Each structure stands twice: as structure tokens, then as C-alpha cells.
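**Q** So that we are looking at the same thing, I have put the structure below in C-alpha cells.
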Amino acid sequence: MSNKIKVEVAYAKPDQQWLLQVELEKGSTIHDAILHSGILQLCPDIDLKKQKIGIFSKSHQLIDLVNESDRIEIYRPLLIDPKESRRVKARVCLQLIPRLQKEYNRPK
């Protein structure tokens with residue numbers, strides 16, 4: 001039985017994505033996997049102190065252990081708060097409703 005496991009480290013920018021396979025010792029952490037993947041050299045803008053980390057879309061800490069076939073995801077910071085984004089969209093829709101009603105009720 002091997003003492004090695006294989007995991008993937010994923011990171012994406014709007015114009016490029018990385019999915020790097022890493023072989024580690026059993027008992028390795030998420031931080032170990034990220035360091036061994038080389039992603040920090042490929043993307044020096046990654047700040048592990050600020051950016052959230054997850055495994056298969058579930059939030060995790062750098063000290064958490066990885067398992068065989070885990071996909072470690074490094075998340076980019078949000079550019080806009082999701083609540084604020086919904087408010088902006090709602091305002092735009094409310095402004096469009098009267099125009100759409102006029103267009104819809106216009107005689108043909």
C-alpha cells in the first residue's frame with residue numbers, strides 16, 4: 001500500500017485557468033498541496049492570507065488534511081458584494097418595467 005495520494009489544485013482568473021495535479025504523502029495539508037503544486041510561482045497575485053480555500057466548493061482551512069482525489073480550490077476575492085449586485089440589478093429592472101409595459105400595451 002502506497003503512502004502517496006494524488007490531489008488537484010485549481011485556480012482561475014477571468015482569462016485563464018489552472019488545474020495542477022500533485023502527488024503528496026498521506027497526512028499532507030492543503031497548504032502543502034498548494035506549495036508543491038507551484039501555483040504560487042505561476043500566479044504571484046495569490047495571497048493565501050486573504051483568499052479563501054475550499055475542497056469541492058466547501059470552505060476549508062490551510063491546515064486541513066487532504067484526501068486522495070481532492071480538488072483544492074483557491075478562490076479569488078469578490079469584486080462586488082453579491083447583495084449590492086442584486087440591489088443594482090433590482091433597480092435596473094424596476095426602471096425598465098414602465099418602459100416594457102408601454103411597449104407591450106402599445107397598439108399594433
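**Q** Restrict the check to region 74-92 and report whether at least one residue is on the phi > 0 side of the Ramachandran plot and either at pLDDT 85 or above or not small (Gly, Ala, Ser) (or both).
**A** no
**Q** Taking the stated definitions as given, is Gln21 in contact with a Ser or Thr (Cβ under 9 Å, 6 or more places away or on another chain), surrounded by fewer than 12 Cβ atoms within 10 Å (Cβ to Cβ) and not hydrophobic (A, V, I, L, M, F, W, C)?
**A** Numbers: in contact with a Ser or Thr (Cβ under 9 Å, 6 or more places away or on another chain): yes; surrounded by fewer than 12 Cβ atoms within 10 Å (Cβ to Cβ): yes; not hydrophobic (A, V, I, L, M, F, W, C): yes.
It is true that Gln21 is in contact with a Ser or Thr (Cβ under 9 Å, 6 or more places away or on another chain), surrounded by fewer than 12 Cβ atoms within 10 Å (Cβ to Cβ) and not hydrophobic (A, V, I, L, M, F, W, C).
**Q** Are any of the residues in region 49-62 in contact with a helix residue (DSSP H, G or I) (Cβ under 6 Å, 6 or more places away or on another chain), at pLDDT 95 or above and surrounded by fewer than 16 Cβ atoms within 10 Å (Cβ to Cβ)?
**A** Yes.
**Q** Working only within region 1-25, note down all residues that are under 15 Å from Ile46 (Cβ atoms) and of a type in the set (S, T, N, Q).
**A** Gln16, Gln17
**Q** Can you tell me which residue among Leu35, Leu42, Leu79 is of a type in the set (A, V, I, L, M), within 18 Å of Tyr11 (Cα to Cα) and either touching a Ser or Thr at 6+ places or on another chain (Cβ under 8 Å) or loosely packed, with under 11 Cβ neighbours inside 10 Å (or both)?
**A** Only one candidate passes the filter, namely Leu79.
**Q** Let me ask something else about it. List pairs: first in region 46-67 and within 14 Å of Val9 (Cβ to Cβ), second among the polar types (S, T, N, Q) and in a loop (DSSP other than H, G, I, E, B), Cβ under 6 Å, 6+ apart or cross-chain?
**A** Here the result reads Val66/Ser28, each pair linking region 46-67 to a residue that is among the polar types (S, T, N, Q) and in a loop (DSSP other than H, G, I, E, B).
**Q** Moving on. Check every one of the strands (runs of 3 or more DSSP E) wholly within region 23-108 and list those with 3 or more residues that are touching a Phe, Trp or Tyr at 6+ places or on another chain (Cβ under 8 Å).
**A** Numbers: elements: 53-55, 58-60, 71-74.
The strands (runs of 3 or more DSSP E) meeting that bar are 71-74.
The values are calculated or read from the model by the stated rules, or taken from the named source; none is laboratory data. Remember, it's a predicted structure, so these values are computed and weren't measured experimentally. We place every Cβ from the backbone using ideal geometry, glycine too, and count neighbours over all the protein chains shown.
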